[in-house]
Structures are given as C-alpha cells and as structure tokens.
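Working notes, beginning with the structure itself.
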Amino acid sequence: MATDNISFNVLEHDLVPEHTLLTEAEAKHILEKKKIGKEQLPKIRRKDAAIRVLESINGQLIQAGSIIKIVRKSETAEEFVAYRLVVDGDS
C-alpha cells in the first residue's frame, strides 16, 4: 500500500484537527439529519496527508464517496464539527 512509507503522522500534530472515517450507517445518519446529499459536502482529496494517515491506521484504502468527520477544538466554541466528502483527483 502506498501509505506504508508515511514517516510523519500529521494527525498527531497540535494544529491538525481530529479526522475520523465514518461508517456507511453513520454517514447516512448525518446526511439525513442535515437533509443534504453527499455532493453538497465540502470535498477532501484522497491525496490529502490526513487521508493517507487514516488509510495507514485503518489498513485499507479510503474510497471516493466516503465521509470524513473533522473535529476542531476551539477556545470559544469548544469544538466545531465538519464533514468532508472524499474525492479522487482534482475535484
């Protein structure tokens, strides 16, 4: 797997928010709760460093169409949750 050669886990850096791959059931629940379709979510490329690290942690490729939950810590809002749709290429 191409992710085997990752020498630095960007997810462990203090400035990088927590990234989590959602299961299909979790993704479906979030989309229904927000009353949106997958394509309405902001995008994140499969080549993104955080995605590559998640792949190495999970031991499997993250497919285009998957949804990533991103949790940013904030002093004012405590935490801000965002979702991203994984896409191939330059989409």
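Report, by residue number, each residue of segment 53-65 that is modelled with pLDDT under 90 and closer than 26 Å to E32 by Cβ. So that I can check it myself, show each step before the final result.
Looking only at segment 53-65, we keep the residues that are modelled with pLDDT under 90, and these are 53-60.
Those that are modelled with pLDDT under 90 and closer than 26 Å to E32 by Cβ: L54, N58, Q60.
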| Consider A50 against the criteria (1) under 21 Å from G89 (Cβ atoms); (2) aliphatic (A, V, I, L, M); (3) open to solvent by 80 Å² or more (accessible area, probe 1.4 Å); (4) modelled with pLDDT under 90: it satisfies all of them except one. Which criterion is unmet? | (3)
| Residue ID - nearest to the chain's Cα centre (by Cα), chosen from residues in segment 31-41 that are surrounded by 11 or more Cβ atoms within 10 Å (Cβ to Cβ) and assigned to a loop (DSSP other than H, G, I, E, B) | L41
| Whichever residue in segment 66-91 is at pLDDT 95 or above and either farther than 12 Å from I44 by Cβ or among the hydroxyl-bearing types (S, T, Y) (or both) and, among such residues, is surrounded by the fewest Cβ atoms within 10 Å (Cβ to Cβ) | Y83
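The values are calculated or read from the model by the stated rules, or taken from the named source; none is laboratory data. These figures come from a predicted structure and were not determined experimentally. Using ideal geometry, Cβ is built from the backbone for each residue, glycine included, and neighbour counts are taken over all protein chains shown. Surface accessibility is based on the protein's heavy atoms, side chains included, excluding ligands, DNA and RNA. Shrake-Rupley method; radii C 1.70, N 1.55, O 1.52, S 1.80 Å.
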